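J.: Following this message is one structure expressed as structure tokens.
Only the coordinates and a few stated rules stand behind these numbers; no lab work does. Note that the coordinates shown come from a computational prediction; the quantities given were computed from them, not determined experimentally. Here Cβ is always computed from backbone atoms with ideal geometry, including for glycine, and neighbour counts include all displayed protein chains.
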Amino acid sequence: MSDSIIKRLLRAIATVFSVSLLFVGNASADIPDELYEALGVDKYKASPKELYEAITERYYDPAQGHGEGKYAEYWEPLPFSQYLDPYTYYSPPAQPAKVATREECIECHEDETRGWVHAWRKSVHANLDEIRDLPKDDSRYYKKKLIKEVEKNLRSMGKLEKNENLKEVSCIDCHVGVGAEKGHHNQDLRLPDAAVCGICHLQQFAERESERDTLTWPDTDVKGNKIDPVWPPGRPSHALDYQANVDLATWAAMEDREVADGCTMCHINQNRCDTCHTRHQFSAVEARKPDACGNCHNGADHNEYENYLMSKHGTTYLMLGDTWDWEVPLKDAIAENGQTAPTCAFCHMEYKGRFGHNVVRKVRWAFNPQEKIANNLEHEWYEYRNEAWIETCTNCHSATFAESYLEFVDNGIISGLKKQLEAKQIVEALYEDGLLPGQKTNRPAPPKPEHDAPGEFFQLFIAKGNNPTAVELQYAKMWEQDLLKHYKALAHVNPGFWTYTEGWGPLLERYTNIQDANTQLRAFAKLKAQVATLEGDVKAAKLLDLDSQVERAVVGGLGGGMVLAGVGLVAWRRKQKTEG
């Protein structure tokens, strides 16, 4: 049999197996083996306490991505930074300086911040017994098992006695310590980070942290030659998105820190869990809806939300989503919810028929299309991930349809990438030849730790003098915005946004502007060179240009002097002969 036939047979078997997981048994994701291997933990023998301690040891390690990052010397945190990275920057307020009980926290905050308490009262945290009493036909029934898993974790960590049940999850459990009955407001108070959530929600925390271990980019090309990986291990991901932010030279170099922290406010999934399920209700229903993802996944360089909403998937969600039961877990969304279109969570949290908080196991193009990716798509690493995507798509489509469209996506992305790379050569050549406007007279270097280069990311956020120039800004927007919109629209099936309105149309417009600028700048440079040559010729002929009386007098004087000197020299030579 041919390779293509074998591949189709294997895919069919895998698809049947994967889809079957959606309808039988527990289709929640297992914690990937890669995490256990990376942490040196025995998957089958480790207790919840041992697993949690191993995860948090790495989680809090600055050498492995926690905290201020490698450029900390170049920027200062703002007062608001404590809410973005609470473990690093938060300190309890000086007032009130009192010890508060579990009940007093609620009573006080009903007056001080009633919105918090209102949201909490609607949460599962505040209503554990209601969940325990649910009948089997309630779509939230599965949460009874989750409560038991949480209690198992807490017993392992010494937070609950052997037969003790968790009564509630109140303010004090998250902001002081699980099971605490009182706490000193200006000494014990903390803002929870992801590791605090992980005490109870260990499975979900471990799944998310496994993104570090399941996204290791290949260091060889399709022919086996050594190459540099496209991205560092574990990136881009939710698990290391804060590190990606603070370790970015552009972000550290920005002097307008409030503007820089506009990036940070979305790059905090590493630090916090409430970016997807907002405090203090922490609703799984909320996190399952595309609108939760749209809070960050929108805009100039990652407009996934806009593309999804205007795709057929998204329009179905907009028209029919209010008829779906969002309390149903993702694994049952199609079978029991009546869901007739995929959501962000359904596609990106699914892997091989199971659902979990690792959303990078199918990543191929990642944040932005790059030449190194395009040239290596036939590598087994990329092929395996493409097969996983096909399996995901077969929840609703045939494998043939899915394979065809994913190939369509790759080829469409490559078309845009080719135009971007052509423009890159033009802009880099202008820079190397010193032809950018003001390059030799008015181009300040960017603030450290950035380094000057043409059409770079920093030029979208930092401007001084002729850095950037207009042509560089065109190119920066071309590769960092237009090409990304082109890619995102293709991946999310929004034709108008890759062909015309966004993507290809604007990409070609910038390409044209760059070509025009190149022609004009080089023509101007050639003209300047010709003028300089002419100026040199004029200076050489200046002595023959006797336009003024002074110039004629000077030249005449020089001529007369030369005649007198010549007569004197002849007379001196005759005298020498006579005497000789």
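J.: Below 8 Å, C-alpha to C-alpha, sequence gap of six or more: please give me the relative contact order for the stretch 335-480 in percent.
T.: Numbers: 110 pairs, mean separation 23.1, N = 146.
Here the relative contact order equals 16 percent.
J.: Still on this structure, please answer the following. Would you mind counting up the charge near residue 481? Only other residues with Cβ under 10 Å from its Cβ, with Lys and Arg at +1 and Asp and Glu at -1.
T.: My count for the surroundings of residue 481 gives -1.
J.: In addition: How much of the DSSP beta bridge set in the chain is antiparallel, as a percent to the nearest 5? Display every interim value, and only then the final one.
T.: Details: 7 of 8 bridges.
Here the share of antiparallel DSSP bridges comes out near 90 percent.
J.: Another question, then. Between residue 98 and residue 110, with labels modelled 7 Å along Cα→Cβ, what's the label distance in nm to one decimal, could you check?
T.: Those two pseudo-labels are separated by 1.5 nm.
J.: Can you put 248, 240 in order of Cβ neighbours within 10 angstrom, beginning with the fewest?
T.: Least crowded to most crowded, the residues run 248, 240.
J.: Which pairs, out of 167/352; 49/182; 448/477; 45/148; 289/352; 143/289, put more than 27 Å between their alpha-carbon atoms? Show your work: numbers first, answer last.
T.: Working: 167/352 36 Å; 49/182 24 Å; 448/477 22 Å; 45/148 20 Å; 289/352 21 Å; 143/289 18 Å.
Violating the 27 Å Cα-Cα cut-off are 167/352.
J.: Label point 7 Å out from residue 118 along Cα-to-Cβ: which residues of the stretch 272-286 have amide N under 14 Å?
T.: 280-281
J.: For the chain, what does the relative contact order come out to in percent, with C-alpha contacts under 8 Å and a separation of six or more?
T.: 14
J.: Can you show me the helix-derived [θ] at 222 nm for the chain, built from DSSP H runs with n ≥ 4 at -39,500 (n - 2.57) apiece and divided by the number of residues, rounded to the nearest 500.
T.: Taken over the chain, the calculation gives -15500 deg cm²/dmol.
J.: Given Cα pairs under 8 Å that are at least 6 residues apart, what percent is the relative contact order of the stretch 345-414?
T.: 28
J.: Find how much the distance from residue 255 to residue 50 grows on full extension, using 0.36 nm per residue of separation minus their present alpha carbon separation; answer in nm with one decimal.
T.: Result: 69.5 nm gained on full extension.
J.: At 0.36 nm per residue, minus the direct Cα-Cα distance, what do residue 451 and residue 78 gain on full extension? Give it in nm, one decimal, please. Write down the numbers at each step before the final one.
T.: On the way: separation 373, 0.36 × 373 = 134.28 nm, distance 2.46 nm.
Answer, rounded to one decimal: 131.8 nm.
J.: Can I ask one more? Work out how much length residue 219 to residue 525 would gain on full extension: take 0.36 nm times their residue separation and subtract the Cα-Cα distance, in nm to one decimal. Don't jump to the answer; show the numbers that get you there.
T.: Numbers: separation 306, 0.36 × 306 = 110.16 nm, distance 4.27 nm.
Taking 0.36 nm per residue and subtracting the Cα distance, the gain is 105.9 nm.
J.: Ranking 354, 132 by Cβ neighbours within 10 Å, fewest first, what do you get?
T.: 132, 354
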